[in-house]
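**Q** Below is the structure I would like to discuss, written out as structure tokens.
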Amino acid sequence: MHELKPSFVKTADQLKAIKLLKSRASNVLLFGGSRSGKTFVLVYAIICRAMQAPGSRHVILRYRFNAVKQSVGYDTLPKVMKLAFPGLRYELNRSDWFIRLPNESEIWLGGLDDHQRVDKILGKEFATVYFNECSEISYYAVTTAMSRLAQRTAVPNKAFFGLFCTL
């Protein structure tokens with residue numbers, strides 16, 4: 001059987017970001033303008049971490065659930081899977097909004113705008129917490145979500161922050 005090869009060619013900035021994300025730093029902020037590739041490379045890193053740690057859980061959070069569902073769930077995540085991990089099968093659960101990878105790792109999508117959604121997400125422990133568009137999220141919500149960065153897995157726990165800014 002012919003194995004599909006990734007068509008994701010990393011830019012110099014993405015290589016720098018990946019090096020930083022793989023470093024010993026437990027909290028990493030990537031910032032840049034619109035369409036700079038922050039979300040793509042952070043989702044890529046989360047999938048890599050999930051594949052390295054069978055049974056691990058990771059979460060991508062945004063202030064509004066609808067925003068993370070639209071921007072990441074329907075756009076970035078499928079693009080990353082297609083370009084960087086072609087042929088990797090995954091299962092998308094659209095009722096609870098998470099994907100399950102072949103090694104039983106899960107990547108959840110969540111919003112911090114609704115108490116019930118927060119409770120559903122924060123009732124679990126995660127190996128990675130990614131705050132997408134973190135400037136929209138309150139300090140209280142970030143610190144509360146950070147308390148769930150506690151799953152013991154083969155990868156060290158990390159928090160990722162993505163921030164839109166113009167220089």
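We did not get these values from a lab; they are worked out from the coordinates using the rules stated. Note that the structure is a prediction, hence the values are computed from the model and not measured. Cβ atoms come from the backbone with ideal geometry, glycine included; neighbour counts cover every protein chain shown.
**Q** Go through Phe161, Val118, Tyr74 and say which Cα lies farthest out towards the positive end of the charge dipole of the chain; charges sit on Cβ, +1 for Lys and Arg, -1 for Asp and Glu.
**A** Phe161
**Q** Right, something else. Counting only other residues whose beta carbon sits under 11 Å from that of Ser105, what net charge do I get with K and R as +1, D and E as -1?
**A** On the way: positive: Arg49, Arg57, Arg100; negative: Glu104, Glu106.
Around Ser105, the charge tally is +1.
**Q** Run the reach check for Lys120 against lysines, Cα to Cα strictly under 20 Å, same-chain hits fewer than 8 apart removed. What comes back?
**A** Within the straight-line cut-off, Lys120 pairs with Lys69.
**Q** While we're on this one: Taking a 24 Å limit on the Cα-Cα distance, which of the listed pairs Lys10/Lys158; Lys82/Lys124; Lys10/Lys79; Lys38/Lys158; Lys19/Lys82 fall beyond it?
**A** Over 24 Å Cα-Cα: Lys82/Lys124.
**Q** Tell me what the chain gives for mean residue ellipticity at 222 nm when only DSSP H runs of n ≥ 4 count, each as -39,500 (n - 2.57), the sum divided by the residue total, rounded to 500 deg cm²/dmol.
**A** Roughly -9000 deg cm²/dmol at 222 nm, from the helical runs in the chain.
**Q** Same structure again: Return the whole-Å distance between the Cα centroid of the range 119-167 and the Cα centroid of the range 19-83.
**A** 11 Å
**Q** How big, in percent, is the set of alpha carbon pairs in the range 109-167 lying more than 18 Å apart?
**A** Working: 570 of 1711 pairs.
The answer is 33 percent, as a whole percent.
**Q** Can I ask one more? Place a +1 charge on the Cβ of each Lys and Arg in the range 57-167 and a -1 charge on the Cβ of each Asp and Glu, then give the dipole magnitude about the Cα centre in debye, rounded to the nearest 20.
**A** Computed charge dipole of the range 57-167: roughly 240 debye.
**Q** When you count, for each residue, the other Cβ atoms within 10 Å and take the mean per peptide, how do 99-106, 158-165, 30-37 rank with the highest first?
**A** Values: 99-106: 16.6, 158-165: 18.8, 30-37: 14.4.
Output ranking for 99-106, 158-165, 30-37: 158-165, 99-106, 30-37.
**Q** Semi-axes, largest first, in whole Å: what does sqrt of 5 times each Cα gyration tensor eigenvalue give for the range 27-164? Intermediate values should be presented prior to the final figure.
**A** Values: eigenvalues 78, 61, 44 Å².
Listed largest to smallest, the semi-axes of the range 27-164 are 20, 18, 15 Å.
**Q** Which whole-number percentage describes the relative contact order of the chain, with Cα contacts under 8 Å and a sequence gap of 6 or more? Don't skip to the answer; put the middle values down first.
**A** On the way: 289 pairs, mean separation 53.2, N = 167.
Contact order relative to length: 32 percent.
**Q** Let me ask something additional. Starting from the Cα of Lys22, step 7 Å toward the Cβ, then list every residue of the range 147-167 with an amide N under 19 Å from that point.
**A** Within reach of a label on Lys22, which here means backbone N under 19 Å from a point 7 Å along Cα→Cβ, the range 147-167 contributes 154-161.
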